[in-house]
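Have a look at the structure below, then the notes.
Readers should treat all values here as calculations from the given coordinates under stated rules, not as data from a laboratory. Because the structure is predicted, anything quoted here is derived from the model rather than measured. Every residue, glycine among them, receives a Cβ derived from its backbone with ideal geometry; neighbour counts consider all protein chains shown.
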Amino acid sequence: MRLSRYFLPTLKENPSEAQIVSHRLMLRAGMIKQQAAGIYSWLPLGFRVLKKIEQIVREEQDRAGAVEVLMPTIQSADLWRESGRYDDYGQEMLRITDRHERDMLFGPTNEEVITDIFRNGAKSYRNVPLNMYHIQWKFRDEVRPRFGVMRGREFLMKDAYSFDLDVAGAKHSYNKMFMAYLRTFDRMGLQAIPMRADTGPIGGDLSHEFIILADTGESEVFCDKRWLDMDLSGQAVDYDSDLEPMFKELTSIYAATDEMHDPANCPVPADQLVTRRGIEVGHIFYFGDKYSKPLGAMVSTADGEQVPVQMGSYGIGVSRLVGGIIEASHDDAGIIWPESVAPFHTGLINLRTGDADCDAACADLEAKLTAAGKEPLYDDREERAGAKFADMDLIGLPWQLIVGPRGLKNGVVELKRRATGEREELSVESALAKVTG
Ligand code: 5CA
């Protein structure tokens, strides 16, 4: 991609409306544009990151055996009357009336719709276990939308819903998502700690929030200090095996959200307990027949008995993660994207656009990087070198390849690693080998 033909409206100054670093950097890097309180357009650079995150989430859901669907954003109020949540949900629900005076709403979550889908198509124990998920925009008319995409009113969520014949099956489904979440966040370079959590308006009695620690987090969380140096990276999970031992081992190390933490009964000695702020990037729930019973989602057992299915739901804040990753990975100059979610892999900086040698070398590098699948963003603008460096640091691509007339005369280009600031002069071939290797 050539920057001269891209849309990257970067800002030099800090926008005054942004209180936390991720919001500031997303605005400065031209990733989003606010359209109304808590409602954003995703500009080209931001949209690429959102898609990368979405794809990691999708791959890990698929790996865990969940099946992707797509449900609408607009739902009928009647279903919510069936579950009894239409009145309970309160002001956070955006209620809409259509031209026939029918009550509709912009979905804040999808338990009712998915249960309706299930009850229409599944009748027997042979149809379960089943887990269906989608990645779709939600709307919650939050009292205080803030911190950019962290607490939006419109936001992108992955929500999965499991259906099982009995409690043991439902627990296995819960454990699968629990493990899938650890893998998902790890792939984004995040250490997310599963914490015992309150179930709020979704309901049920077993629930974990996945929290990344950050000073700008909205809630206070408590955990055993052993979590701080826990390395769960690259853990392989056999989803068909009994996951309960692994679940038990991980949840035996204390971690709880504010609502669940009881200082008087905390099992961790004070000098072992870490009190920090955290960002909730995922939340999973087991709620049994809370929705299947009122909505009549029944299946027949092998003995011919009709039973309501046992359900759970599993959310990931896809758009919130964009902000969360920036909170976890930035410096004074800007964002530092982990490779797995970076909008482009390599920034190619032409220090003298218009110079025949520089233009030719950059065009060649651009072609080779593209051929190697390394998604270059080529800064071919007629701008000062300083401005190009600042923009490239701000948008945080993992590698920068800097091509200038002086270097080219000596047959070298400069390669910079954004995360460490390390720079080295290399031949074009070695630089390419390093970036693509
Ligand atoms: N139906 C369940 C699970 S699918 C559910 O809605 N859970 S939730 O309410 O906890 O939301 C799931 C995730 O969405 C949260 O963990 C959080 O990461 C994200 N989320 C929730 N509210 C917002 C918001 N206002 N802005 C951005 N992300 C949000």
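As I understand it, the dipole of the stretch 3-335 uses +1 on the Cβ of Lys and Arg and -1 on the Cβ of Asp and Glu, about the Cα centre. Which of 86, 134, 241 lies farthest toward its positive end? About the Cα centre, the residue reaching furthest to the positive side is 134. Other residues with beta-carbon under 14 Å from the beta-carbon of residue 251 carry, at +1 per Lys or Arg and -1 per Asp or Glu, a net charge of 0. Averaging Cα coordinates gives a centre for the stretch 271-317 and one for the stretch 137-173; these two points are 11 Å apart.
Working from label points 7 Å from Cα in the Cα-to-Cβ sense, the residue 303 to residue 91 distance is 5.0 nm. Report the normalised scattering of the stretch 346-436 as log10 I(q)/I(0) at q = 0.12 Å⁻¹, calculated by the Debye formula with identical scatterers on the alpha carbons. Taken in order of the listed q values, log10 I(q)/I(0) reads -0.30.
Helices in the chain, meaning DSSP H runs of at least 4 residues, each add -39500 (n - 2.57). Divided by all residues, the mean residue ellipticity at 222 nm is -9000 deg cm²/dmol. Ignoring lysines fewer than eight residues from residue 33 along the same chain, the ones with Cα atoms less than 20 angstrom from its Cα are 12, 51, 52, 138.
With the simple spin-label model, which puts each label point 7 Å out from Cα in the Cβ direction, the residue 240 to residue 120 separation comes to 3.3 nm. Calculated translational diffusion coefficient of the chain (25 °C, 0.890 mPa s; Stokes-Einstein with Kirkwood radius over alpha-carbon pairs) equals 103 µm²/s.
Packing here is the average count of other Cβ atoms within 10 Å per residue, and on that basis the peptides 157-167, 340-350, 372-382, highest first, run 340-350, 157-167, 372-382. Taking a sphere under 11 Å around the Cβ of residue 225 and counting the other residues whose Cβ falls inside, with K and R at +1 and D and E at -1, yields a net charge of -1.
Could you order the peptides 295-307, 325-337, 58-70 from most to least packed, using the average number of other C-beta atoms within 10 Å per residue?
Ranking the peptides 295-307, 325-337, 58-70 by packing returns 325-337, 58-70, 295-307.
Highest average first, the peptides 416-427, 190-201 ordered by how many other beta carbon atoms sit within 10 Å of their residues are 190-201, 416-427. Looking at the chain, the DSSP beta bridges with both ends there are about 85 percent antiparallel. Net charge dipole, the chain: roughly 1120 debye, given to the nearest 20, about the Cα centre with Cβ charges of +1 for Lys and Arg and -1 for Asp and Glu. The residues neighbouring residue 38, those whose beta-carbon lies less than 15 Å from its own, together hold a net charge of +2 under the Lys/Arg +1, Asp/Glu -1 convention. Where both bridge residues fall in the stretch 346-436, DSSP classifies roughly 50% of the beta bridges as antiparallel. Taken as Cα centroids, the stretch 1-66 and the stretch 199-267 sit 28 Å apart, rounded to the nearest whole angstrom.
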